[in-house]
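Engineer: Sharing a structure here in structure tokens format.
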Amino acid sequence: MEIRQAQPAEAERLTAIALAAKGYWNYAAELMALWRAGLTVTPLRIAQDPVYVAVHDDQIIGFYALLPMAQAQIYELDDLWVEPAWIGRGVGKQLFHHACAWVQAQGGTMLQLVAEPHAIGFYHKMGMTKIGERPSVPVGRVLDVMAVRLEGA
């Protein structure tokens, strides 16, 4: 598996992965419809933000996207999605570690995210801890905000 920077022309594939991965948790169709816009990856986003893809046999099987926060040393892991057939096979772990290394290379000291409830266990295994809560849009549930201080920070 290789991890490389995403290309704007791959936006449709990344959107398909995000929707499939979210759907893996058997959410109701009404909820998936509400989340569709937030899970859509645009070519502009790929051109502007750090977006990286995991590739196996020339097929994209997962990706992550980062957002810089108001404090220059903190980045938000805005997306980390893995094709359902690859969930549980180490792809997410490799993408997560790649994101941490990328943030550190930019001088970042902390990675945070708003956790998909079904992925909280994964993020705990990655060393993240809960630092707060944030309301979910547009559903109105409360989600955990998690963070990890990066080595050497």
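Engineer: So, in segment 15-64, how many residues would count as being in a helix (DSSP H, G or I), over 16 Å from ALA85 (Cβ atoms), at pLDDT 95 or above and within 14 Å of the chain's Cα centre (by Cα)?
Structural biologist: The total comes to 3.
Engineer: Here is a check on your reading of the model: is MET146 touching a helix residue (DSSP H, G or I) at 6+ places or on another chain (Cβ under 9 Å), over 24 Å from GLN7 (Cβ atoms) and of a type in the set (A, V, I, L, M, F, W, C)?
Structural biologist: Values: touching a helix residue (DSSP H, G or I) at 6+ places or on another chain (Cβ under 9 Å): yes; over 24 Å from GLN7 (Cβ atoms): yes; of a type in the set (A, V, I, L, M, F, W, C): yes.
Considered against the rule, which asks whether it is touching a helix residue (DSSP H, G or I) at 6+ places or on another chain (Cβ under 9 Å), over 24 Å from GLN7 (Cβ atoms) and of a type in the set (A, V, I, L, M, F, W, C), MET146 comes out as yes.
Engineer: Now for a different question. Quick one: count up the residues across segment 102-149 that are over 15 Å from the mean Cα position of the chain (by Cα), open to solvent by less than 40 Å² (accessible area, probe 1.4 Å) and β-branched (Val, Ile, Thr).
Structural biologist: 1
Engineer: Name the pairs whose Cβ atoms lie under 8 Å apart, with the first residue in segment 12-28 and in contact (Cβ under 8 Å) with a residue 60 or more places away in the chain and among the basic types (Lys, Arg), the second buried (at least 16 other Cβ atoms within 10 Å of the Cβ) and in a helix (DSSP H, G or I), and 6 or more positions between them or separate chains?
Structural biologist: Filtered contacts from segment 12-28: LYS22/TRP35; LYS22/LEU39.
The values are calculated or read from the model by the stated rules, or taken from the named source; none is laboratory data. Everything numeric in this text was worked out from a predicted model, so none of it was measured. Glycine also receives a Cβ, built like all others from the backbone with ideal geometry; neighbour counts cover every protein chain displayed. For accessibility, only protein heavy atoms count, side chains too; no ligands or nucleic acids. Shrake-Rupley method; radii C 1.70, N 1.55, O 1.52, S 1.80 Å.
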